[in-house]
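In what follows, a single structure is set out as structure tokens and then discussed.
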Ligand code: NAD
Ligand code: WQD
């Protein structure tokens, strides 16, 4: 049972997406009522079906764009929302360089639309998806929350602007409690193999690309640069299992009532893994080497991004539970069981 001081109904924007769907499973398992708003611009109805099957409980799903205030207001009117987890956003760095205005419109406009609806309906608790990308090209290792933000692309800037506007909103509305979680590189899948990362189109990120090479949908992984100042020359990242990230959201919801204002936490493992180390670990998980080809550097990439997650460990006792082998093993299980992702699953709209 949930203690009465905790929120019971959570609105999850972007709940059909990669991190949102895993978080919904976690919330349903903890007896929260879950309401999802997602426009499926980067997800499939099948993800919602899988969440409900895994949890053994239904959630309420609305297909809507977050910027549609009337649709959003109708959701707040239909449910006694206690807290919101706001995942819905566009997240591809390269694409954000090509269509920056779309990123500002959806990521910043979506957030202000949500804040307006929350304010209009007396909802004051929000967990916001931020990103390690706001640290930009900082050479510092590891990165802590008080290190300066220096976004280097429109996606990262949209997340940094959202954090800033959330700080301003908290200053104006003292009842507002916001927790921004800056995730590093979430990967992996639900250990059942029924829920995972299924981006629409060619994957932008290394793990879904690796998964599609392993299953034969793509011929080889392009490795973007092997001349970085790192041990093997390829970029180093802090990969974190998506179920550990989902658990961070569950804890954040539980801690929203601790104090008002904006609080910021990194979510990472503190361990750096190079692209070639990841390729090797994934090959071990799927039982055969992954073909790759060294290419030139990808514009905007930085050599190393590693989290200092001391704050969240100290304040909430959060810590990661899954290592790189589990991240690769679970991702591979999902891809093996769903070679075409959620493409062949039924539609939640029929529920
Ligand atoms: P995702 O694309 O899988 O999920 C986002 C979901 O939001 C999708 O289901 C999409 O259909 C939905 N959505 C997008 N725009 C919408 C709109 N205007 N209205 C309603 N729904 C909309 O992405 P994810 O990896 O699950 O990321 C979730 C959040 O975490 C995003 O805010 C992202 O910026 C942030 N984040 C992701 C990562 C990562 O590497 N995956 C790292 C740090 C931060
Ligand atoms: C990881 C490494 C690539 C693809 C992004 C966002 C960040 C956060 C996490 C949202 C890099 C290399 C990649 C490929 C490769 N997301 N790579 N071949 O860029 O660290 O972080 O996702 O907030 O904000 O910037 O993740 O998975 O794209 O790349 O060699 O086909 O893999 O160069 O070194 P990234 P990624």
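Since every read-out is calculated from the coordinates, none of them should be taken as a lab result. Everything numeric here is computed off the predicted structure, so don't read it as measured data. Note that we place each Cβ from the backbone using ideal geometry, even for glycine, and neighbour counts take in every protein chain shown.
Worth pointing out:
- Each of 295, 197 was scored by other Cβ atoms within 10 Å of its Cβ. Listed from fewest to most, they are 295, 197.
- Computed over the Cα atoms of the stretch 9-337, pair by distinct pair, the Kirkwood hydrodynamic radius stands at 20.0 angstrom.
- Take 35-41, 225-231 and order them by the average number of nearby Cβ atoms within 10 Å per residue, most first; the result is 35-41, 225-231.
- Exposure proxy ranking, count of Cβ atoms within 10 Å, fewest first, for 318, 332: 318, 332
- Counting only DSSP beta bridges with both residues in the chain, the antiparallel share comes to about 5 percent.
- The fraction of Cα-Cα pairs per 5 angstrom bin, counted from 0 for the stretch 166-214, comes to 4, 16, 17, 15, 10, 8, 10, 12, 6, 2, 0 percent, rounded to whole percents.
- Over the chain, relative contact order from alpha-carbon pairs under 8 Å, at least 6 apart, %: 20 percent
- Distance between the stretch 242-290 and the stretch 1-78 - C-alpha centres, whole angstrom: 21 Å
- With the gyration tensor restricted to C-alpha atoms of the stretch 1-135, the semi-axes of the equivalent ellipsoid amount to 24, 18, 14 Å, longest first.
- Using only alpha carbons, the stretch 190-323 has a radius of gyration to Kirkwood radius ratio (Rg to Rh) of 1.01.
- Look at 304, 182, 297, 314 and count the other Cβ atoms within 10 Å of each Cβ; fewest to most, that gives 314, 297, 304, 182.
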